[in-house]
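Each remark here refers to the structure printed beneath this line.
The values are calculated or read from the model by the stated rules, or taken from the named source; none is laboratory data. Not measured: the values here are computed from a predicted model. Counting neighbours? That spans all protein chains shown, and the Cβs are built from the backbone with ideal geometry, glycine included. Calculation scope for accessible area: heavy atoms of the full protein, side chains included, ligands and nucleic acids excluded. Shrake-Rupley method; radii C 1.70, N 1.55, O 1.52, S 1.80 Å.
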Amino acid sequence: MLTVSSSEMANVWKWKSSVSIPVGLGGSAFGWIVTPGATDAILDRFFDIGGRFIDTSDGYSYAARPQAEDSENLIGSWVKRRGVESEIRIITKVGLCPGVEGLAPTVIARAAEASLDRLGIPMAEAILAHADDGVTAPEQIAEGLAALVGSRARHVGVSHFSRERLVATQAALRHSSSVTIEFVQEEFSLAERSGIDELLGCADINRPLGIICSAALARGFLTGKFQHAVGRVGARQAFVNEHYRQRAHNELLDRIRRVADEHEVTPAAISLRWLLQHDSVILPLASVTTSAQLDAFTQAASIEISDAAWQALDSLSAALYDNQEDH
């Protein structure tokens, strides 16, 4: 396993142990393929089983915003209805929303303010730069992120930044403030690891960095539900069929199933548990479309896989990435 430890990261690393369900709920489907009523049902069950971290973005389901049925508005109305403002920890992202695109300091400030208004909270657990715009100077990105800490967010981070731009933004923050980029949000799972492996293997990065893993179940592939699916092909099934069709993908999934059978849980639970036992991961994120799918969250929190099983899965995952590099 990759090991990351530092006293300065202790407050963030406690995310894993601070809640009974250390898996975050991804909000990208809310207001898009999940209706407002179904969103409320999912959020209700997530909270009731002990989930507290919710991830969203000002750009998710943007088209539904005029009806206040976008992800942030739906989450915000639910938080207000349940009266759980002090318990829920919301991560949101800015930089890709039409009308407030880019990472200039004034844009970050305006977008963050609008996000918090929709969410109905005074401060987010974290606000991330959703993606590097490729043009804003690192010094300006650093200025915009630093201004959020303590007023709009407890932590800041980035998503979809190249190694070079991340290093430059970190350096600008160190030069101008006491704020640090404590984590990155990227796709990372047993089936997707190339970007994260590059970041963790970079000596230039001011480590430690924690990983918030989006697409922790590889868009449903790691649940196993698409492996032998027939009939109607939805968007996620089509994506899985296109991107995870190598023999090595099936070998990985077969091994996950064997470990799942040993623990009497689902493949999704094992895939989440592998991330929870990864030393550099502070929060796996998974989206669901029904409240029943949250069973995998509770299962993942209730088991521990052996070091041997963890390493076997890691080896199959790494070999899969090596095969992709070769092609």
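Results, tabulated for the structure shown:
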{"quantity": "Test set (1) crowded, with 18+ Cβ neighbours inside 10 Å; (2) assigned to a helix (DSSP H, G or I) - residue 114 fails condition number", "calculated": "(1)"}
{"quantity": "Failed item in (1) modelled with pLDDT under 95; (2) under 29 Å from residue 30 (Cβ atoms); (3) within 17 Å of the chain's Cα centre (by Cα), with residue 272 passing the rest", "calculated": "(1)"}
{"quantity": "The range 276-287 residues that are within 17 Å of residue 299 (Cβ to Cβ), paired with ones that are charged (D, E, K, R) (beta carbon under 6 Å, 6 or more apart)", "calculated": "285/55"}
{"quantity": "Test: residue in the range 86-104 that is assigned to a helix (DSSP H, G or I), modelled with pLDDT of 95 or more, over 17 Å from residue 157 (Cα atoms) and of a type outside the set (A, V, I, L, M)", "calculated": "no"}
{"quantity": "Test: residue in the range 302-311 that is in contact with an Asp or Glu (Cβ under 8 Å, 6 or more places away or on another chain) and open to solvent by 30 Å² or more (accessible area, probe 1.4 Å)", "calculated": "no"}
{"quantity": "Residues of the range 141-167 that turn out to be open to solvent by 10 Å² or more (accessible area, probe 1.4 Å) and either of a type in the set (Val, Ile, Thr) or within 17 Å of residue 195 (Cβ to Cβ) (or both), as a count", "calculated": "8"}
{"quantity": "Every residue from the range 50-67 that is open to solvent by 40 Å² or more (accessible area, probe 1.4 Å) and not in a helix (DSSP H, G or I)", "calculated": "52, 60"}
{"quantity": "Tally, over the range 273-300, of residues that are in contact with a helix residue (DSSP H, G or I) (Cβ under 8 Å, 6 or more places away or on another chain) and either over 11 Å from residue 46 (Cα atoms) or buried (at least 24 other Cβ atoms within 10 Å of the Cβ) (or both)", "calculated": "15"}
{"quantity": "Count - residues of the range 92-111 that are crowded, with 20+ Cβ neighbours inside 10 Å, within 26 Å of residue 175 (Cβ to Cβ) and either among the β-branched types (Val, Ile, Thr) or in contact with a Lys or Arg (Cβ under 7 Å, 6 or more places away or on another chain) (or both)", "calculated": "3"}
{"quantity": "Sole residue being under 22 Å from the mean Cα position of the chain (by Cα) and at pLDDT below 95, chosen from 288, 240", "calculated": "240"}
{"quantity": "Among residues of the range 145-166, those that are among the polar types (S, T, N, Q) and under 22 Å from residue 214 (Cα atoms), counted", "calculated": "2"}
{"quantity": "Residues of the range 50-84 classified as within 28 Å of residue 17 (Cβ to Cβ) and either touching a Phe, Trp or Tyr at 6+ places or on another chain (Cβ under 6 Å) or modelled with pLDDT under 95 (or both), total", "calculated": "1"}
{"quantity": "Residue selected from the range 242-263 under the condition more than 14 Å from residue 224 (Cβ to Cβ) and free of Cβ contacts under 8 Å to residues at least 60 places away in the same chain, by the criterion most open to solvent (accessible area, probe 1.4 Å)", "calculated": "247"}
{"quantity": "Residue within the range 33-49 that is modelled with pLDDT under 95, open to solvent by 10 Å² or more (accessible area, probe 1.4 Å) and hydrophobic (A, V, I, L, M, F, W, C) present", "calculated": "yes"}
{"quantity": "Test for residue 86: is it free of Cβ contacts under 8 Å to residues at least 60 places away in the same chain, among the polar types (S, T, N, Q) and in contact with a helix residue (DSSP H, G or I) (Cβ under 9 Å, 6 or more places away or on another chain)", "calculated": "no"}
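Yes or no, residue by residue, for (1) of a type in the set (A, V, I, L, M); (2) over 20 Å from residue 282 (Cβ atoms):
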site: 149; (1), (2): yes, no
site: 153; (1), (2): yes, no
site: 172; (1), (2): yes, yes
site: 182; (1), (2): no, no
site: 188; (1), (2): no, no
site: 192; (1), (2): no, no
site: 195; (1), (2): no, no
